[in-house]
Number of protein chains: 2
Amino acid sequence: MATINNPGDTGGRLIAASKVNGTTVYNTAGEKLGSVYDVMLDKISGQAQYAVLSFGGFLGIGDKYHPLPWNQLKYDTGQGGYIVNLDRSRLEGAPVYGASEMTSWDDGFGRDVAAYYGSGGAYYGSGARP
Amino acid sequence: MATINNPGDTGGRLIAASKVNGTTVYNTAGEKLGSVYDVMLDKISGQAQYAVLSFGGFLGIGDKYHPLPWNQLKYDTGQGGYIVNLDRSRLEGAPVYGASEMTSWDDGFGRDVAAYYGSGGAYYGSGARP
């Protein structure tokens, strides 16, 4: 259960954003893919729109940032990390950006991500709640 | 606008969770109250339920953590921080916890916070979206 001393240790409904960042991400085969670099929140509603994964050193794609719709991440208490049900080829073809690219992370970007993964399209496209 | 290089520099709809943490919090008079310590997210929906403010050294209440419903925080681009429309007496009477208290940050806690500030009660109480 989340406490003041350990806000990340939550068996309940909540998790601290600082605990999400840095958490390891696995595929369904239990292979380590990378980690969560950051979570992008809607300023007004506070809704997490996507998690930005860092796959540096994994998949041979260098130091890239990989936005994934929030609902693609499932937390696994056994592994102590997030599981994404996406195979390597799916990840390799997804929107991925290098650290030096000045790519907008805002609405248009979110639509690209949502369209690729086939989730959250209405939310990203219209700004309406999912 | 948020970019890969500077995810916090967003003139748009999104902000990186890592940028929220550590941001200064002011009252409407422009007085510095403290800073955002962390944001508690609903694991499943990704909805920010509350921001945890740290008022250590301010208000004479020592190193305390102060949960506030997300919708009480308004970002002010001019000041580069969050504004909370709450006076000192309101903050002093609010649910506040010390670093050593093993208080649950989960559902019951959220209900206390929402009840005090009179916002988000339905959300905290039922788990339904606001």
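The values are calculated or read from the model by the stated rules, or taken from the named source; none is laboratory data. Keep in mind that what you see is a predicted model, and the values were worked out from it rather than measured. Please note: Cβ atoms are built from the backbone with ideal geometry, for glycine as well, and neighbour counts cover all protein chains shown. Surface areas here come from the heavy atoms of the whole protein model, side chains and all, with no ligands, DNA or RNA. Shrake-Rupley method; radii C 1.70, N 1.55, O 1.52, S 1.80 Å.
Key figures for this structure:
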{"read-out": "Burial of 40 Å² or greater, the stretch B:69-93 residues [accessible area, probe 1.4 Å, versus chain by itself]", "value": "B:70"}
{"read-out": "Under-5 Å amide H pairs with residue B:49, H placed in peptide plane, nonlocal only", "value": "B:40, B:41, B:42"}
{"read-out": "Cross-link table B:19/B:74; A:64/B:74; A:64/B:19; A:74/B:64; A:64/B:43, entries beyond 22 Å C-alpha to C-alpha", "value": "A:64/B:74; A:74/B:64; A:64/B:43"}
{"read-out": "Under-5 Å amide H pairs with residue B:23, H placed in peptide plane, nonlocal only", "value": "B:36"}
{"read-out": "Inter-chain Cβ neighbour average for residues A:30-41, partner chain, 10 Å", "value": "4"}
{"read-out": "Label-point gap, in nm, between residue B:89 and residue B:29 - each point 7 angstrom along Cα→Cβ", "value": "1.3"}
{"read-out": "Mean Cβ count within 10 Å, highest first, over the residues of peptides A:75-85, B:37-47", "value": "B:37-47, A:75-85"}
{"read-out": "Size of the A/B contact, given as accessible area buried on both chains, probe 1.4 Å, in Å²", "value": "4400"}
